[in-house]
Amino acid sequence: MEGLVVLLEANRPTVETLDGVRYLCYLRGKIKRDHGRILVGDHVEISPTDPGEAIVTAVLPRRSALVRPPIANVSGMFVVFSLNHPKGSLELLDKRLVLAQIMGVEAEIVITKTDLAEDNASQDRVIALYRQIGYRVWPVSVVTEHGVTDLVQAPREGVWVLVGESGAGKSSLAKAILPHEAIAVQELSRIGRGQQTTRWVRLLRTRQFWLADTPGYTALETTVKDTAVIRQAFWEWEGAGCRFASCCHLDEPDCAVRAGLAAGRFDQGRYDHYKIMLEQWLKSY
Ligand SMILES: Nc1nc2c(ncn2[C@@H]2O[C@H](COP(=O)(O)OP(=O)(O)O)[C@@H](O)[C@H]2O)c(=O)[nH]1
Ligand SMILES: [Mg+2]
Ligand SMILES: [Zn+2]
């Protein structure tokens, strides 16, 4: 039968089948030789041996894999952003959105701590900006529980990873989505053995999707091989009508993006972040 690797602890995968039954599995040498390292998020065929135990008989083809955190077949990421307390960086937010595009995964934006918003106008501006571009944006508060149900119930499938700056509210959101799970928090001090919050990447089942709990991973890593991908991640500029199809929107003649910026149709901050990303890429090349 088929299942999903939801946890990989000391090289032993825990596999959950479609009907929600979990098996602690063994890997045969042949599987290791043929497939290399198995990852959380891999789909596998298993054959039960004892109650709750099984052997992995095949690893199904993997669509994609993240390196840090090590997860296969990620569908999307929640880019978690706190406007204040701490003050989030829109540059980092845009970078994460570009990263999602590069990795070929979906991205949705979560604006956390709406209960602390002292300036609703700037919060509304950020929400409107990204919604207009075409992103799903979820304003939430785990204190008032505002927005959490809407976020969870929206149609979505596959494995979703929480990314964002430290303190943005990722763990708190995971707890609000899955109140019965022990979610890894940074301040673990004297938690007894057996009750210990996980140190391993694991997948937690919600009604519609799997949420990746990724303790200890704050950054996502990838390398950009083509500046065009950065440009394509700025969806709002698509079809702007620059004279050259390959226009980088820097100093080319008849650039409709720069014209749109001057006319206030495009967001200047996004453009500035685009230029920063482009420069960083050219430097690292
Ligand atoms: N007032 C308020 N505080 C929050 C909210 N979400 C998270 N926090 C607080 O923000 C801090 C950082 O949250 P945490 O979930 O650990 O952030 P992480 O580093 O992204 O995992 C903690 O002190 C949380 O209690 C929220 O919706 N409202
Ligand atoms: Mg955390
Ligand atoms: Zn242009």
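Only the coordinates and a few stated rules stand behind these numbers; no lab work does. Every value quoted in this text rests on a predicted model; they were computed, and no experiment measured them. Here Cβ is always computed from backbone atoms with ideal geometry, including for glycine, and neighbour counts include all displayed protein chains.
Some observations on this one:
- Against the main long axis of the alpha-carbon atoms of the chain, helix 90-103 sits at an angle near 60°.
- Whether the stretch 132-178 is rounded, prolate or oblate, judged on the alpha carbon gyration tensor where a/c under 1.5 counts as rounded: rounded
- Here, the stretch 1-58 is characterised by an Rg to Rh ratio of 0.91, where Rg is the alpha-carbon radius of gyration and Rh the Kirkwood radius.
- Beta bridges from DSSP with both residues in the stretch 66-213: antiparallel share about 20 percent, rounded to the nearest 5.
- For the stretch 2-61: relative contact order, % (alpha-carbon pairs under 8 angstrom, 6 or more apart): 34
- Extension gain, Glu53 to Val143, is 28.4 nm, computed as 0.36 nm per intervening residue step minus the present C-alpha separation.
- The stretch 94-135 - Kirkwood radius from inverse mean 1/r over Cα pairs (Å): 11.5
- Charge tally in the Cβ shell below 9 Å around Arg258, where Lys, Arg are +1 and Asp, Glu are -1, Arg258 excluded: -2
- Angle in degrees between helix 120-133 and the longest Cα principal axis of the chain, rounded to the nearest 10: 80
- For q = 0.16, 0.17, 0.18 Å⁻¹, Debye-computed log10 I/I(0) when each Cα of the stretch 66-213 counts as one equal scatterer: -0.89, -1.00, -1.13
- Annotation: amide H-H contacts under 5 Å for Gly88 (H modelled 1.01 Å from N, sequence separation of 5 or more, or interchain): Ser82, Leu83.
- Positive-end ranking of His35, Ser82, Gln101 along the dipole of the chain, with charges on Cβ about the Cα centre, is headed by His35.
- Convex hull of the stretch 1-138 built on C-alpha atoms - directionally averaged projected area, nm²: 10.8
- Karplus-derived 3J(HN,Hα), 6.51/-1.76/1.60, for each residue of the stretch 50-66, Hz, glycine and proline x: 10, x, x, 10, 7, 10, 7, 9, 7, 10, 6, x, 9, 6, 6, 8, 8
- Cross-link pairs Lys87/Lys175; Lys95/Lys283; Lys87/Lys283; Lys87/Lys275; Lys32/Lys95 - those with Cα-Cα distance over 24 Å: Lys87/Lys283; Lys32/Lys95
- Antiparallel DSSP beta bridges within the chain, as percent of all bridges there, nearest 5: 50
- The chain: angle of helix 268-284 to the longest principal axis, Cα-based, in degrees nearest 10: 70
- Paired Rg and Dmax values of the chain, which use every Cα atom, in angstrom: 21.2, 70
- Kirkwood estimate for the stretch 227-284, i.e. one over the average of 1/r between Cα atoms, Å: 11.6
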